[in-house]
Amino acid sequence: MTTNEPSFRESVDLMFNRAAALLDLPPGLEEKIRVCNSTYTVRFGVKLRGRIHTFTGYRSVHSEHMEPVKGGIRYALGVNQDEVEALAALMTYKCALVEAPFGGSKGGLCIDPREYDADEIEKITRRFAYELIKRDLIDPAQNVPAPDMGTGEKEMAVMADQYARMNTTDINARACVTGKPPHAGGIQGRVEATGRGVQYALQEFFRHPEDIAKAGMSGSLDGKRVIVQGLGNVGYHAAKFLTEEDGCIVTHVIERDGAVVAENGIDVDGLRNWIAEHGGVKGYPYGTYVEDGSVCLEADCDILIPAALEGVINLGNAANVKAPLIIEAANGPVTAGANDILMEKGTVIIPDLYANAGGVTVSYFEWVKNLSHIRFGRMQRRQEEARHQLIVDELERISKDSSINWTLSPNFKTKYLRGAGELELVRSGLDDTMREAYAAMRAVWHGRDDVRDLRTAGFLVSIDRVASSYQAKGI
């Protein structure tokens, strides 16, 4: 990066300020929305390998215009207060945009999880959770964490268990965190939710020829060439769904140790398995290895999906990025300065506060499931199937009595009779959420002459909703 590059937190504030300047907010309300309400820093010790190791963790609460507040906990060596506060702010705007009834929060632990075995991670996670729980920074009604970079179902299950141990009479204890395994109170479809949300966001974008034309493209997703930066949980699922279901071709995958290039398309599952076994993409036999993976961000493609860290597209490389369409699957992958350069070039950016919102949307569904104490579909699925069976039986009766020889299409009966289970309902809810949120952004993008991009439109929608919530409370 160049030396005058704004930090991640500064980028978020700059993007917020640009949008807020276009709104007529009452005096002082803009600052109230922008600032982070509180950040708790904890330093705790865990005895490992014969000595005490001290760890530093954070939990930031950006906005309590709605409660509980919501946001993931990441495990990474680069975790710091500024990053956590910036991510908490993004969570506020993200939740407002997709109309999830949460304020924004975020947490982090300064640790490289790869340096510890599973038992050690559990001990560290349990102690970190204890420190947060006793300050109500994990609580079903006040602060609900979720997985993020470096964490997953196991860590969330441990945190939920620790909360239950400390709150033995709380009937809603399982709702204290989301992203748990299904057998521990989780929900079907949560693991792939953010990647699925990226797919749904692109599908919605490609339903609007006028928007496709703004990116200098035409047609559908079928055949579009894609570069994916980061084949972690989000990048992998987005790439998998786009290739298997929408006909996209992933030509480049960028990882920590370099990149793999295959112009005819990369087998996403095959590469994912190789990375799991070998720790990186180097040596993968079905593509060309590029040691400096960052140069592949500048390769020719139709869609660029940065799905790992913030700031990967910055003042140093933005001018060379050729992708006409960028979808921010990660938080903050395009800096404020790079955003300006790309806008001048005519690049369309589908922003993180929308594209990355699949995770919190399905987390919302999981939280509701935990509070209602019943899985989605349990009450109505068989009744739905029985009602459909009546229609199929009647159609078959008519076909027998009719003089016209006709039959039902192959597989129609099987597909139509299948009632919606939890996974189908989760996907339906996520798809609906992504469509509605895009419609809200798009109305501002196309409806205001002073709004040139989807990011500003998204911030305008979010800030207006947060402001309305505060004003309704008399603030």
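Quick notes on this structure:
- Selection over segment 8-59 of residues that are under 18 Å from residue 455 (Cα atoms) and among the polar types (S, T, N, Q) gives a count of 2.
- If the condition is being assigned to a loop (DSSP other than H, G, I, E, B) and either of a type in the set (Val, Ile, Thr) or in contact (Cβ under 8 Å) with a residue 60 or more places away in the chain (or both), then segment 214-230 contributes 215, 216, 217, 224, 230.
- Taken over segment 448-458, the residue count meeting the criterion of being touching a residue at least 12 places away in the same chain (Cβ under 8 Å) and in a loop (DSSP other than H, G, I, E, B) is 5.
- Evaluating residue 251 against the criteria (1) part of a strand (DSSP E or B); (2) free of Cβ contacts under 8 Å to residues at least 24 places away in the same chain leaves one unmet condition, (2).
- When the residues of segment 267-282 are filtered to those that are in contact (Cβ under 8 Å) with a residue 24 or more places away in the chain and part of a loop (DSSP other than H, G, I, E, B), the one that is surrounded by the fewest Cβ atoms within 10 Å (Cβ to Cβ) is 280.
- Long-range neighbours under 7 Å by Cβ, at least six apart or interchain, first residue at positive phi within segment 432-447, second hydrophobic (A, V, I, L, M, F, W, C): none
- Of all the numbered requirements in (1) under 21 Å from residue 212 (Cβ atoms); (2) under 23 Å from the mean Cα position of the chain (by Cα), residue 308 misses one, and that requirement is (1).
- Among residues that are outside the structural domain of residue 343 (by TED's automatic domain parsing), closer than 18 Å to residue 354 by Cβ, touching a residue at least 40 places away in the same chain (Cβ under 8 Å) and part of a helix (DSSP H, G or I), residue 461 is included.
Yes/no per residue for (1) over 30 Å from residue 429 (Cα atoms); (2) of a type in the set (A, V, I, L, M):
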site: 54; (1), (2): yes, no
site: 80; (1), (2): yes, no
site: 85; (1), (2): no, no
site: 90; (1), (2): no, yes
site: 126; (1), (2): yes, no
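- Some residue of segment 396-404 being surrounded by 15 or more Cβ atoms within 10 Å (Cβ to Cβ), part of a helix (DSSP H, G or I) and in contact (Cβ under 8 Å) with a residue 12 or more places away in the chain: no
- Pairs with Cβ under 7 Å, 6+ apart, first in segment 46-57 and in contact (Cβ under 8 Å) with a residue 60 or more places away in the chain and at positive phi, second loosely packed, with under 10 Cβ neighbours inside 10 Å and assigned to a strand (DSSP E or B): none
- Residues in segment 338-381 that are charged (D, E, K, R), within 23 Å of the chain's Cα centre (by Cα) and within 15 Å of residue 188 (Cβ to Cβ): 366, 369, 375.
- Identity of the residue in segment 178-206, within 21 Å of residue 163 (Cβ to Cβ) and of a type in the set (Gly, Ala, Ser), that ends up surrounded by the most Cβ atoms within 10 Å (Cβ to Cβ): 179
- Restricting segment 167-177 to residues that are among the hydrophobic types (A, V, I, L, M, F, W, C) and surrounded by 15 or more Cβ atoms within 10 Å (Cβ to Cβ), the residue that is farthest from residue 429 (Cα to Cα): 173
The values are calculated or read from the model by the stated rules, or taken from the named source; none is laboratory data. Please read these numbers as outputs of a predicted model, since none were measured by experiment. Glycine also receives a Cβ, built like all others from the backbone with ideal geometry; neighbour counts cover every protein chain displayed.
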